[in-house]
Amino acid sequence: MTTPIVLIAGGSRGIGAATARLAAARGFDVAVNYHHAEGAAAEVVAAVEAAGQRAIAVQGDMARDADVARVFATVDRRLGALSHLVYSSGITGAPSRLEAVDTDTLRKVLDLNVLGALLCVRAAVPRLSAARGGAGGAIVLLSSAAATLGSAGEYVWYAASKGAIDTMTLGLSRELASDRIRVNAVAPGLIATEIHGPGRLERLAPGVPAGRAGTAEEVAEAIVFLLSDAASYITGTVLRVAGGR
């Protein structure tokens, strides 16, 4: 049986790192993409290898064409034929009302959160597509509960970027079904990762029906399920992991 190979864009921290560790425990070899956090990526690679799977760390800015091409080529060369993709790269920018945010922040958020996802899926399709000699596979994109909550007064632009992910998931799932590529998204709610500014988790957690923030590991369970053959008839779905929020 061929070992599945997953590339996790933004795999060095938070949800991406938890997904890498869980995927390894479920039998995946893992390519961990990172932008700046080389040390954190190395720790994730060590954890994957400790679980008995192969792993590499590959630096690259997923908002840049050249970096995306290099990252995918490195996976081809060092691990083999890619079978799965998780797009977990994403930033919010500093919280504010829209009229107070600078254009550079808007461009950076939209470039990484939206354009980066499109670039990575575009690179993955020729590798996975059964119509092009691949074995098919699965793609999971990271959306957010913000896509339906709106993030008023904090991150309207971030929420908009995740709304784009939801639309992308629906369109790509239909476009790629005949290629035997499933495309789904996971929409985390309030999750205890370093993406949040000081005090934000404590301020918002009481408003979550479940009464607490979630963990990166809880989100990873949903992601790895959607990657797995257990989800073989699930595509075009945005799975909310938000404690009822």
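The values are calculated or read from the model by the stated rules, or taken from the named source; none is laboratory data. Note that the structure is a prediction, hence the values are computed from the model and not measured. In this analysis, Cβ positions are derived from the backbone assuming ideal geometry, glycine residues included, and neighbour counts consider all displayed protein chains.
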### Query
What residue, among those in the range 97-118 that are of a type in the set (Gly, Ala, Ser) and surrounded by 15 or more Cβ atoms within 10 Å (Cβ to Cβ), is nearest to HIS35 (Cα to Cα)?
GLY116
#### Entry: Only one of ALA57, ALA66, ALA94 that is exposed (fewer than 13 other Cβ atoms within 10 Å of the Cβ) and under 26 Å from VAL183 (Cβ atoms)
ALA66
### Task
Could you check GLY134 against (1) in contact with a strand residue (DSSP E or B) (Cβ under 9 Å, 6 or more places away or on another chain); (2) outside any loop (DSSP other than H, G, I, E, B) and say which number it fails?
(2)
### Task
Take the residues in the range 112-165 that are of a type in the set (Ser, Thr, Tyr) and touching an Asp or Glu at 6+ places or on another chain (Cβ under 6 Å), then tell me which one is nearest to GLU221 (Cα to Cα).
SER143
### Query
Among the residues of the range 106-114, is there at least one that is assigned to a loop (DSSP other than H, G, I, E, B), in contact with a Gly (Cβ under 7 Å, 6 or more places away or on another chain) and at pLDDT 95 or above?
no
### Summary
Among helices (runs of 4 or more DSSP H) completely within the range 137-245, the ones holding 1 or more residues that are in contact with a Phe, Trp or Tyr (Cβ under 9 Å, 6 or more places away or on another chain) and under 20 Å from GLY16 (Cβ atoms) are 146-149, 156-175, 216-227
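Yes/no per residue for (1) part of a helix (DSSP H, G or I); (2) in contact with a strand residue (DSSP E or B) (Cβ under 6 Å, 6 or more places away or on another chain); (3) surrounded by 15 or more Cβ atoms within 10 Å (Cβ to Cβ):
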| position | (1), (2), (3) |
| --- | --- |
| VAL75 | yes, yes, yes |
| ALA81 | no, no, yes |
| CYS120 | yes, yes, yes |
| ARG127 | yes, no, yes |
### Task
Inspect all residues belonging to the range 65-85 and state whether any of them is of a type in the set (Phe, Trp, Tyr), in contact (Cβ under 8 Å) with a residue 12 or more places away in the chain and in contact with a Ser or Thr (Cβ under 6 Å, 6 or more places away or on another chain).
no
### Message
Condition (residue is at positive phi and among the small types (Gly, Ala, Ser)) applied to the range 35-50: is it met by at least one residue?
### Response
no
#### Entry: Near pairs, Cβ below 8 angstrom, 6+ apart or cross-chain, from the range 98-118 (within 16 Å of ALA147 (Cα to Cα)) to any residue that is in a helix (DSSP H, G or I) and basic (Lys, Arg)
ASN113/LYS162
### Query
Within the group LEU149, LEU176, LEU142, which residue is touching a Leu at 6+ places or on another chain (Cβ under 9 Å), of a type in the set (A, V, I, L, M, F, W, C), modelled with pLDDT of 95 or more and within 27 Å of THR235 (Cβ to Cβ)?
LEU176
